[in-house]
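The values are calculated or read from the model by the stated rules, or taken from the named source; none is laboratory data. Because the structure is predicted, anything quoted here is derived from the model rather than measured. Using ideal geometry, Cβ is built from the backbone for each residue, glycine included, and neighbour counts are taken over all protein chains shown.
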Amino acid sequence: MKPTIHVVDDDASTRRALSRLIPALGFDVDTFESAQAFFDYAKIDSDDCLLVDIHMPGMNGIEMCRKLEESGRKLPTILMTAHKDAGTKMLAASIHPVATLYKPFDESALLNAISTALQSTS
């Protein structure tokens, strides 16, 4: 069974692009438009990883990762954001992600981040 990459991003075009790209890289993908949708519907396996946008309405990506960890379901996490300011970088570092990708990112950066994340589950 292939690992699943759980993508959480409020931007429909990003979810659509990643839902095509990630299977082409050899992984299964589930996409969610919000942190709440992820918590309501995601089926999590220990070999999976999370690709989550930092800035989303409602529960942001950082809050989502903290809630996931508090619930005892920790997944290796890749953060993504279009914001390169110092505040966003500090927020990202606070949860110790496997990687932080800055939009727009290329296929090789995503594949490297996913590979690193999945190695941390072995």
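Observations, loosely collected:
- Among the residues of region 1-16, the ones that are surrounded by 15 or more Cβ atoms within 10 Å (Cβ to Cβ), over 12 Å from the mean Cα position of the chain (by Cα) and hydrophobic (A, V, I, L, M, F, W, C) come to 0 in all.
- Close contacts from region 13-29, counting a first residue that is free of Cβ contacts under 8 Å to residues at least 40 places away in the same chain and among the β-branched types (V, I, T) and a second that is surrounded by 14 or more Cβ atoms within 10 Å (Cβ to Cβ) and assigned to a helix (DSSP H, G or I), with Cβ to Cβ under 7 Å and a gap of 6+ residues or different chains, come to V29/L18; V29/S19; V29/I22.
- Between I22, I62, the distinction of being closer than 21 Å to D106 by Cβ, outside any loop (DSSP other than H, G, I, E, B), hydrophobic (A, V, I, L, M, F, W, C) and at pLDDT 95 or above belongs to I22 only.
- Cβ-Cβ contacts under 6 Å between residues 6 or more apart (or on different chains), taken from a first residue in region 61-76 that is under 18 Å from D10 (Cα atoms) to a second residue that is polar (S, T, N, Q), are listed as C65/T77.
- Residue satisfying condition, being under 21 Å from T4 (Cα atoms), assigned to a strand (DSSP E or B) and touching a strand residue (DSSP E or B) at 6+ places or on another chain (Cβ under 8 Å), within set L75, L51: L51
- Near pairs, Cβ below 8 angstrom, 6+ apart or cross-chain, from region 88-109 (at pLDDT below 95 and surrounded by 13 or more Cβ atoms within 10 Å (Cβ to Cβ)) to any residue that is of a type in the set (A, V, I, L, M) and in a helix (DSSP H, G or I): L91/I62; A92/I62; I95/I62
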